[in-house]
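I have placed the structure first, in the form of structure tokens, so that the comments after it can refer back to it.
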Amino acid sequence: MENMVRHEKHVEIMNALEAALGVGNVKDNAVTVNAYFGDWLPPKTLGQSVPPEFVALPNGTLETQAIVQICNRFKTPFIPVGSNQWSLTSAPNRPHTVLIDCKRMGEIHEIDENNMYAVIEPLVTLAQLQGEAYKRGLYIGSPEASAQSSAVAGHLFQGMWGTGYRLGVAYRNILGIEWVLPNGEILRTGSFAQDATCGFWGEGPGPDLRGMLRGYAGAMGGIGVVTKMAVKLHPYPGPKLWPAEGLIPNMTSTLPEDRFKWYIVKYDSLETAINFMYEIGKAEIAGLVQKWPTVYYNWWWANSNEEYWETWKKRVFQDNVKNAVGVCLWGFSSDEQLEYEKRVLEDIIEETGGRMVSQEIFDMWVPRTANNWIRDTNGSRMMRPSGTFLALRLQTDTLDYSVGQVKTGYEWVDKFTPPILDSDGPDWIGGYDFGHFGFGETDFPVEKTAEALGDLMGKLLVMTKEDVQNGLENGVGPFLGGAYHAMAGEVFGYDKLLRGIKKAIDPNIISNPPHNIPMED
Amino acid sequence: MIKELKDIVGSKNVLDDQETLEFYAVDHSLASPKKPIAVAKPKSTEEIQELVAFANRTLTPLVPSSSGIHFYGATLPEQGGVVVDLSGMNKILEIDPRNRKVKIEPGVTWPQLQAALKEHDQMALNPLFPHPLTSALTSSIEREPMLIPKYEYGDPVLPMQISLGNGQLFRTGTASDAHCEGAYPEGPGIDFYRFFLGAQGTMGIVSWLNIKTEYRPKHQKVWFGAFEDLEDVAQPIYKLQRRHVGNECFVLNRFMLAQLLAETSEDFETLMEDLPPYTLVMVVAGAPRRPLERIAYEEEAMHEVAASLNFEMTKTVGGVSGLGTTMLDKLRNFSEDGDYWKTKFKNTSQDIFFITTMDRAQYYTDIALGYAASAGLNAQEVGVYMQPLERGRACHLSFSLPCDATCERDLARVGDLHADLSERLISEGAFFTRPYGPWADIVYRRTTQYTKMLKELKVVFDPNNILNPGKLCH
Amino acid sequence: MADEMLLPKHPWYHKYPIDGPFDEKKARWTAFNCSRCSVCKWVDSWRVQGHRYARICPQHTKYLYDSHSAQGKCDLALALIDGKMKWDEDPEIKDILFQCTMCGGCDAMDKSIRDAELIKMYRWLRTEYVKRFGPLPEHKAMLDSLKQYDNVWLQPRMRRNSWAKDLKDLGIKDLNKDKADVLLFAGCTYGLSEELKDTVVNIAKVLKKVGVDFGTLGDKEMCCGSPPDKTGNPEEYERLARANIKRFNELGVKTVVTPCAGCYGTMRVGYAELGETMNFEILHVTEYIQQLTKNKKIKYKREVPVTVTWHDPCHLGRMSRPYVPGKDLEGVYEEPREILRGIPGVELVEMERIKEYAWCCGGGGGAFTAFKDFAQSTARERIEEAKDTGADIMVTSCPWCETNLRAGGSGMEEKMEIVDIFDLMMQAL
């Protein structure tokens, strides 16, 4: 197989791994490793990723620790993956990588219904956790990676769940963590630090080491392997079983009308739409507030390529939901709460000059699509019309700031079209923490060819460099991991700090280098 | 050295007379006196930076202090050095009602802050009736629990500016990007801000901090629930929080509530007789729009929960007249003057506090009261405060051990009790997330790997260990 | 305007071509556009009810490595087609391709997010493999049997339909001589299995009870072609398929009913792709009976007080209709359920994974013969799921499902009875 380069001590490493994990729980053959360096992003398509040399399946923290210790002994890199969803930076970029696949770590250790948390292993998907949560009147959100992705991994990377508007987003949803550091030591944080069976609280003791794990896009596997995590669950007034009718791909979902209500409200401009979002946040109502770009409406709604492009060419969404804001009210307390929130929302709509989207569009879109944003936010649908999608602008700060960001996004999209395909000025803005902050992202379809992607990636890198040099933090940058932090760290003053931390925990530079920041040898 | 300090902050802002040094050597904790060699009062970030440079050059410890009063020993110089008194940096730099945040310097107190925010119909999320001299910035970064558990965030911290021990001036979150408005705390790179919370000034000196603010209600009602035990109040709070009822929500035992309410010793004695053992205090507040309608549905939900669990929420407890108005006044109007409620009738108290879950609160309280009684304290005068956190998923539980600070014997007795009880509680799983003073040793010897990692982190941020050395595990 | 819009260049992004052969070009397209989203490994999120029964892919569940998933097979296909891996490079290629029940679980879930035909890609891969290395030894026996006897069980032709030899009184016609509008096509397994013989008898009796005038092909019945089709032997499949189509046309029957889900799926979907004119309709027996009795209930004589759960055979469900992008993954889901609900005393409870997101029995795709351990562990998973409903018995209507579920369950401590729907009906009739 192409690109398979063996370590000079391959056999020794294999023996060591087999001794630690058991025969059959580590493989190095062509067909196995071949399944671990693909992705939806450019690296494989552009020939930038290589297969791992070993794929190892530990069954818990101790076996994971053993793998990491072996990697330290042989100074060979490792990459941890959970569900290995989308494989953003977990496609190996250098030879001799041990890919740590958490497929044998799929247990839910505990769900504490009263105190609203769950303790999970890396393979537990958000859908599994949601199913268990719903039975207990609880809930957890799902980011665009969708609910079939690892709940642990989803907490370590971005995680801007739609319902984060009300319930908080992923970075704040983490409680105790059990974590194998790249140096092979086991670190437990929060209440796990004191008692490895008790993960209910996330901070401390004292300064909070969870800080190492995240940042906007997480550490890209550069700070070791999380093998257990306690996560928050939230009150949920919905049914114990997710309501779904019909058959794939045309399922519909309607949540109980006495506790949930959707609105799609149109505005004449982005600014007036954002004002609406601000007012909702101030009024402390709603469970979800999102201004989706028209391309999102289509991505999530269309059930075939033909349906996507025919609808797009007819401008069904472009002409009807531009600058529309989706709001889902949740009656946590009671149906009276829902009625109250409806009245308040309708007051705000009137005051801010909003107009409901037509009933036809509402009936077309909402039953089929809206509840995706509560249940699974299945971003895989973004691949449908052209094979892949990319983003070029992403920032989290105030809602007003997000407007500015997506507007510069329009300019860049125009500049990079082609190969960016028609996307009607993609401007996704989400409201979070009752409107305390907003998140703006510019996503667009691009045809999945090496030519288009190579061209675009080159342009995006130039744009990112330019941003950084202008002191502008573009949230897409961190998705590139080490390459970005090396550049941005100097400008925003964190390169030495991050290298100091990386050096302390990864002396042999083996945890998915060059993430989370490249180190000199 | 004094001259160098004066060159940095100005002569008037360096104090090294004995009276001053003795003042800064002690606080309201049980820690023995620890005298600094000087006190420096910077007025700007630049001066803080120069102080840090000085400290690195001369290997002189710096001990940041922002509040005008201290209870846990965090600002006592364990290894000598200079106390950096930031109380003079007391500007409210920006109030942003649209994005509901405020940017404050370290010396801004709670009364000052709340009064300023009131003009904009906003309020910050304060802990339980803070001392008027307490720094709002310190409360926030030391993770003092908020009274309102309904917001999913447990701490209101947004981006900050911090002078690190290595001399670097660093801005966290989106404050690192001058184009942004400082509303989001993550990044740059990783979540550096988390390292600076609960750090007792050992990683850096914060010169400003953004925190979230929320709507200051114009319409609200205070409800009270009377309970015999904490065990009895846990389920009601679980259910109320699940139903998203209420703003402020906390539990005080008789002693704490009596201290809070009494104006005179006689009041205090009467309240101690009349108040129930535990009181749940809950404020049902209106939002900016249709406030009375929100109050109505929340109250209906509250009464439904009460009926289902066979308890009552009433307008008062213990027959105290005007209790709702009094409580609301105390919650909304922070006086800059007056006696501190916790020390009005007893000289001082030593607090033990930690995080646990509400279903274990009774267990720990039984232990605490048992230990108090064994130590010869009047168990009736041990304060108990339970603060539900984040929709009731956990709670801050606090015991206040009364203590006569003028009596050596009492101090010793309470000191021993404090140590023994803390040790026992932690062995039973109480989670001390804010390891002040002697707790640091108790906690950090149990969390060996965490401790090791913290030390490594300290080397990154403060390689010469000049920031508050001797605190935490440093 | 549409003209000014910048749209993808490749026409297949605009409209996926469902017509035409599934060739290397389509295989590469399917593989290349895998975005590694992992829907192929899990039940659709909207249908996941909890932790335990959330997976859809038996192969990935058992073997764990991603190479053993649809995503892994896409990676493999891409590598083989692009010449980055050689077909003989790794003996595990065989396992990856053939340790799969071809249940279509991944295929169905994948269709929720893109236009693709994973199962066809697997058939293409298997065909390419067999071209190069010949059939698997276990499958070779099946192929030899087909060539010799037109059935997969190495049974002489004359034994086919022997189940009917004592049923002359029922008036089942021999369509080699007589005429009828309905052909009952039993299939190899129902037709030849001693174990399932009584079930076929019951099927015939039920048909008669509801007044159907039908016949069989007796010992002239030939295999539908499903086993060679699924195991990489398209030539043998086509021989059988075309012969059957020709014969059914010659018979002049209006309806071909079969109780075998495998035959049903193959005939409904596969035969239609061959481009031959088919002057008949293909129905599953449950589908047919439910159509007949829609407006009048079957008159049952007895109550059968039992709690049952229905297992959806893959080829009666999600694999039983030609693919039209964007269209519902229809199948015969409701008809058996309505039949069960109509039997007095029967209470139907559902498993967590049903209909188009049902867990496979483990018996399909050649796994039953070549990978018994895998087939049976898959069956045991299904039995556990059935037990967790609290049902007394699991009911289905597919000879492969029944056989494999019984085999898989035989070693379990707490057993679960597997009952054919027609056997249950006959208890009440």
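The values are calculated or read from the model by the stated rules, or taken from the named source; none is laboratory data. Please read these numbers as outputs of a predicted model, since none were measured by experiment. Here the Cβ positions follow ideal geometry from the backbone for every residue, glycine too, while neighbour counts run over all protein chains shown. Ligands, DNA and RNA are stripped out before the accessible areas are found, and what is left, the full protein with its side chains, is counted by its heavy atoms. Shrake-Rupley method; radii C 1.70, N 1.55, O 1.52, S 1.80 Å.
Here are a few things to note about the model shown:
- Label point distance in nm, C:LYS147-C:LYS415, each placed 7 Å from Cα along Cα→Cβ: 3.9 nm
- Across all Cα atoms of region B:1-97, the radius of gyration (one decimal) and Dmax (whole number) stand at 13.6, 45 Å.
- Shielding score for A:282-289, defined as the mean number of other chain Cβ atoms within 10 Å: 4
- Debye intensity ratio I(q)/I(0), log10, region A:374-521, q values 0.12, 0.19, 0.20 Å⁻¹ (C-alpha model): -0.59, -1.19, -1.23
- The C:GLU24 and A:ASN250 beta-carbon pair, evaluated with R₀ = 30 Å, returns a calculated FRET efficiency of approximately 0.45.
- Mean-position separation - Cα centroids, region A:1-21 and region C:286-318, in angstrom: 55 Å
- Cα convex hull, region C:301-428: 104 Å³ per residue, rounded to a whole number.
- Convex hull of alpha carbon positions in region A:108-235: directionally averaged projected area 7.2 nm².
- Restricting the calculation to Cα atoms, chain B yields a radius of gyration followed by a Dmax of 22.2, 69 Å.
- Taking 4.7 Å between C-beta atoms as the pairing limit, chain C has these partnerless cysteines: C:CYS37, C:CYS57, C:CYS100, C:CYS188, C:CYS223.
- Part-to-part distance (alpha-carbon centres) for region B:197-249 and region C:152-170, which is given in Å: 78 Å
- Area of B:ARG332 that stays accessible when all protein chains are in place (1.4 Å probe, Å², to 10): 20 Å²
- Fraction of antiparallel bridges per DSSP, region A:1-127 only, in percent to nearest 5: 45 percent
- Take the accessible area of B alone and of A alone, subtract that of the pair with a 1.4 Å probe, and the total buried over both chains is about 7900 Å².
- Among B:410-420, A:90-100, the order from most to least packed when residues are scored by Cβ within 10 Å on average: A:90-100, B:410-420
- Region A:144-184, Cα convex hull volume normalised per residue, Å³: 83 Å³
- Förster radius 25 Å - calculated FRET efficiency between B:CYS407 and B:ARG445, Cβ distance, rounded to 0.05: 0.20
- Rounded accessible area per residue of the protein assembly as shown, 1.4 Å, Å²: 32 Å²
- Number of partner chain Cβ atoms within 10 Å, mean per residue of A:295-306: 3
- Loop-resident trypsin sites (Lys or Arg not before Pro) (DSSP state other than H, G, I, E or B) in region C:86-173 with no more than 13 further Cβ atoms inside 10 Å of their Cβ: C:LYS86, C:LYS165.
- Most to least packed among A:428-436, A:454-462, B:434-442 [average Cβ atoms within 10 Å]: A:428-436, B:434-442, A:454-462
- Cross-link table C:LYS111/C:LYS372; A:LYS266/B:LYS101; A:LYS232/B:LYS239, entries beyond 21 Å C-alpha to C-alpha: C:LYS111/C:LYS372; A:LYS266/B:LYS101
- For region A:22-62, heavy-atom accessible area (probe 1.4 Å) falls by no less than 20 Å² from the chain alone to the full protein assembly at A:LYS27, A:ASN29, A:ALA30, A:VAL31, A:THR32, A:ASN34, A:ALA35, A:TYR36, A:GLY38, A:LYS44, A:LEU57.
- Placing dummy labels 7 Å off each Cα toward the beta-carbon, the span from A:LYS314 to B:ARG98 is 4.0 nm.
- Solvent-accessible area of region C:18-133 (1.4 angstrom probe, protein heavy atoms only): carbon and sulfur portion equals 49 percent.
- Column: log10 I(q)/I(0), Debye, Cα scatterers of the protein assembly as shown, q = 0.08 Å⁻¹: -1.00
- Of A:LYS103/C:LYS327; B:LYS34/B:LYS330; A:LYS9/A:LYS44; B:LYS12/B:LYS103, those spanning more than 29 Å from alpha-carbon to alpha-carbon: A:LYS103/C:LYS327; B:LYS34/B:LYS330
- Taking label points 7 Å from Cα along the Cα-to-Cβ direction, A:GLU257 and B:ALA379 give a separation of 5.7 nm.
- Rounded percent of accessible protein surface that carbon and sulfur make up, chain A, 1.4 Å probe: 49 percent
- Largest to smallest accessible area among B:ILE162, A:ILE108 [probe 1.4 Å]: A:ILE108, B:ILE162
- Equivalent ellipsoid dimensions for region C:20-104 as semi-axes, Å, which come from the Cα gyration tensor, largest first: 25, 16, 11
- For the pair A and C, total buried accessible area rounded to nearest 100 Å², probe 1.4 Å: 6100 Å²
- Here r is the Cβ-Cβ distance between A:GLU107 and B:ARG332 and R0 is 45 Å; the resulting FRET efficiency, rounded to 0.05, is 0.40.
- For region A:2-101, the spread of Cα positions along each principal axis, largest first, Å: 36, 28, 22
- 10 Å Cβ shell holding at most 10 others, DSSP loop, GluC sites (Glu not before Pro): longest site-free stretch of chain C: C:195-412
- To put it simply, the accessible area of region C:301-428 at a 1.4 Å probe is 47 percent carbon and sulfur.
- Separation of region A:393-420 and region B:372-440, taken as the distance between their Cα centroids, equals 53 angstrom.
- Cα-based radius of gyration of region C:139-292 once divided by 2.2 N^0.38 Å, which approximates compact folds: 0.97
- Label point at B:GLU300 placed 7 Å out along Cα→Cβ; residues across region A:320-345 whose backbone nitrogen lies under 12 Å: A:333-341
- Computed over chain C, the quotient of the alpha carbon radius of gyration and 2.2 N^0.38 Å is 0.97.
- Taken residue by residue and averaged, Cβ atoms of other chains lying within 10 Å of the Cβ of A:390-399 number 4.
- Built from the Cα atoms of region A:481-521, the convex hull projects on average onto 2.4 nm², one quarter of its surface area.
- Working note: Cα gyration tensor of chain A, eigenvalues times five, square-rooted, sorted largest first, giving semi-axes of 38, 27, 21 Å.
- In chain B, the calculated helix contribution to ellipticity at 222 nm averages -10500 deg cm²/dmol per residue, counting -39,500 (n - 2.57) for every DSSP H run with n ≥ 4.
- Taking region A:56-74 and a reference point 7 angstrom along Cα→Cβ of A:ASN15, the backbone N atoms nearer than 15 Å belong to A:74.
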